[in-house]
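All remarks here apply to the structure that follows.
The values are calculated or read from the model by the stated rules, or taken from the named source; none is laboratory data. Note that the coordinates shown come from a computational prediction; the quantities given were computed from them, not determined experimentally. Heads up, the Cβs are rebuilt from the backbone with ideal geometry, glycines too, and the neighbour counts pull from every protein chain shown. When the accessible area is computed, the model is the full protein with side chains, heavy atoms only, and any ligands, DNA or RNA have been set aside. Shrake-Rupley method; radii C 1.70, N 1.55, O 1.52, S 1.80 Å.
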Amino acid sequence: MLDLRRLLVLRAVAHHGSLSAAARQLGYTQPAITHHIRRLEREVGTPLVARAGRGIRLTEAGQALAAHADAVIAGLRAGRARLASFPSSSATLVPAALARLRARHPLIAVSLVEAEPPTSLALLRRGECDLALSFEYPGVTADEGSDFTKTPLMADRLLAVLPAGHRLAQAGAVRLEQLAGETWIAGCERCRDHLVRAAAAAGFTPGIAFATDDYIAVQRLVATGLGVALLPELVLDTVQLPGLVATSLASAPERQIVAITPVGQQPPAVAATLAALQAASGTLARRHPSASAPVLGPG
């Protein structure tokens, strides 16, 4: 079966008659559109687009495949997708993606359950969701296993969160070792593991006095002067309390946000949801030049 995302790209090119207009509609870069058209041409073994003056036109094969894409899209109307996401993505990436999905496929039914990894992956294994948003840190072994496909979405920068009156609050980029003697407030289990590893690489063991999965609680503890923390930029996009400062780290650490699906071809509604997540990730990454997003997903 052909990749639904590439069919969506071809359909947009057919409608607009140009790669740049298709890119604007889908929220992708023009090189990403070109990449997927070329991949689609290799998959079907024939040219699908040809130059026509200052624009492009579909070849006969391209027109036939675009008509097939229309039929596939029509089949999305009865589709549904069950999504599991972690809290900071539920408040940022997911709403943007689902708004995009509803605008293009208003009859796709999407349900959402909130769960941190690895709980979200357990839901996927039990068949209780179709798609799970997760995140991973460099050097920390992921646990999705070989039964699932991982699609990178975007990099999410980690920031040092300090009380507003902290000695380094106005210092610009901070080196992690400068916070070696601080009291630390840690987040979820995966985030705590990353903090311990990053601190060890910087030559110290963090003194973790507080641990909570609630990012608002983390910020409140910092704002009241009880410690410092590392928080992802997506969290601070959701809400940043007064009384604290978020500053970059010289080592520029980040986590990678990924979508996890079962191995194999996905139902059209799930593939369309994944495509919307990829497009929304690209938009978020452009809002934060320090972040990065894949061109349009793997392959």
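For segment 1-123, the carbon plus sulfur part of the accessible surface works out to 54%, probe radius 1.4 Å. In the context of the full set of protein chains, residues of segment 140-299 present 41 Å² of accessible surface per residue (probe radius 1.4 Å, heavy atoms only). Helix 268-287 and the long axis of the chain differ in direction by around 50°, with both axes built from C-alpha atoms. Over 25 Å, how big is the tail of the calculated P(r) for the chain, in percent of all Cα pairs? Across the chain, Cα pairs with separations above 25 Å total 53 percent.
Solvent-accessible surface of segment 3-111, taken per residue with a 1.4 Å probe and all protein chains present: 49 Å². Summarising the label geometry, the points placed 7 Å from Cα in the beta-carbon direction at Arg102 and Ala209 lie 4.4 nm from one another. Counting only alpha carbon atoms, the long axis of helix 60-75 and the longest principal axis of the chain meet at about 60°.
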